[in-house]
Amino acid sequence: GSDKALLIDTGAVADSTQMPLAKKVLELLPDKDKAKIPLLVVHTHGHLDHRAGDSQFASFPSVKVVPADLEAVRAFFAFDNWPDGIAQVELGGRTIDVIPTPGHHPAHVAFYDRRTGILFSGDFLMPARLTMEDSAAYHASAVRVVNFVQTRPLTHILGGHIELDTAGHAYGMGSHYHPNEHRLELSKEDLLALPAALKGFNGFYARYPSFILSNPRHNLAALAISAVALLIFIVWAVRRLLRRHRRSTP
Ligand SMILES: [Zn+2]
Ligand SMILES: [Zn+2]
């Protein structure tokens, strides 16, 4: 905007010698009245890979960093009926809408830039594993965003990660090698498919062309139950073998 710049998420790197994020962003800011315009730093949500760079901005008086916890998000954007209602950030001739999207994280929000029609969707919607902490809240968020874009132009949806290749297969967890990466931007169709996908979700894992639904807690629980069942079976089989062995040796 003409009065203020907005930075959404500060990434996974805190060390400014590894990644001089604050230095670079401040260099890019335009001047106004012989000084850099103020910068507002906000987050899609509080996971560390979206806010580790916050500390780099702490020493700059012209930068305001909004903490990523639910209390701070509600207070700063003046949500009085979270997760209902849409908030606005005014940057000077440019308005950004802030849409509550809890589900992946309790304080997740998406940002909509009215000037470009871009929705910054964080980890709520991206070509990656959509992991849920609260699936009911996630579904309600998807319905909320679909309703929001019904009356507004939507050019692109830009999420927080790419974890799929062009064929829609996921790379290994934490993999740094991503050959044939899926493009970052998703379309309105991908968003429109999300509520039904979440509603029909089996609670564990489901693949769609541009995203994967995954509940890591359920998958972990299923894995633990399988491991315990396997252990019980092994103990039973060994005891049975021993008993047979004892019977056959007088
Ligand atoms: Zn996240
Ligand atoms: Zn993330």
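The values are calculated or read from the model by the stated rules, or taken from the named source; none is laboratory data. Bear in mind the structure is a predicted one, so any value in this text is a computation, not a measurement. A quick note on method: Cβ atoms are made from the backbone with ideal geometry, for glycine too, and the neighbour counts reach across all protein chains shown. The area values use the complete protein model at the heavy-atom level, side chains included, leaving out ligands, DNA and RNA. Shrake-Rupley method; radii C 1.70, N 1.55, O 1.52, S 1.80 Å.
Rounded, prolate or oblate: which fits the chain when a ≥ b ≥ c are the square roots of the eigenvalues of the alpha-carbon gyration tensor, with rounded for a/c under 1.5 and prolate only if a/b beats b/c? Please list the in-between numbers first.
Details: a/c = 2.56, a/b = 2.04, b/c = 1.26.
Prolate shape, in that a/c is at least 1.5 and a/b is the bigger ratio.
Using mean Cβ contacts within 10 Å as the protection proxy, how do 33-42, 121-130 order, highest first?
Working: 33-42: 15.4, 121-130: 24.7.
Top to bottom by mean Cβ count within 10 Å: 121-130, 33-42.
Cut-off under 16 Å on the C-alpha distance; same-chain residues fewer than 8 positions from Lys24 excluded. Which aspartates and glutamates are left, in chain and number order?
Asp9, Asp15, Asp54
Label points 7 Å out from Cα along the Cβ direction at Arg239 and Asn202: separation in nm?
3.2
Among bridges DSSP assigns within the chain, what percent are antiparallel (round to 5)?
Values: 20 of 34 bridges.
That works out to approximately 60 percent antiparallel.
When you count, for each residue, the other Cβ atoms within 10 Å and take the mean per peptide, how do 23-29, 226-232 rank with the highest first? Show your work: numbers first, answer last.
On the way: 23-29: 13.7, 226-232: 10.0.
Per-residue Cβ counts within 10 Å, averaged per peptide and sorted highest first, yield 23-29, 226-232.
How high is the relative contact order of the chain, given as a whole-number percent (alpha carbon pairs under 8 Å, six or more residues apart)? Intermediate values should be presented prior to the final figure.
Values: 438 pairs, mean separation 33.1, N = 250.
Reported as a whole number, the value is 13 percent.
Measure off 7 Å from each Cα along the Cα-to-Cβ vector at Met173 and Asp69, then give the distance between these two points in nanometres to one decimal.
The two pseudo-label positions are separated by 2.7 nm.
Would you work out what percent of the accessible area of segment 58-180, with all protein chains in place, is carbon or sulfur (probe 1.4 Å)?
Working: 2990 of 5570 Å².
Result for segment 58-180: 54 percent of the exposed heavy-atom area is carbon or sulfur.
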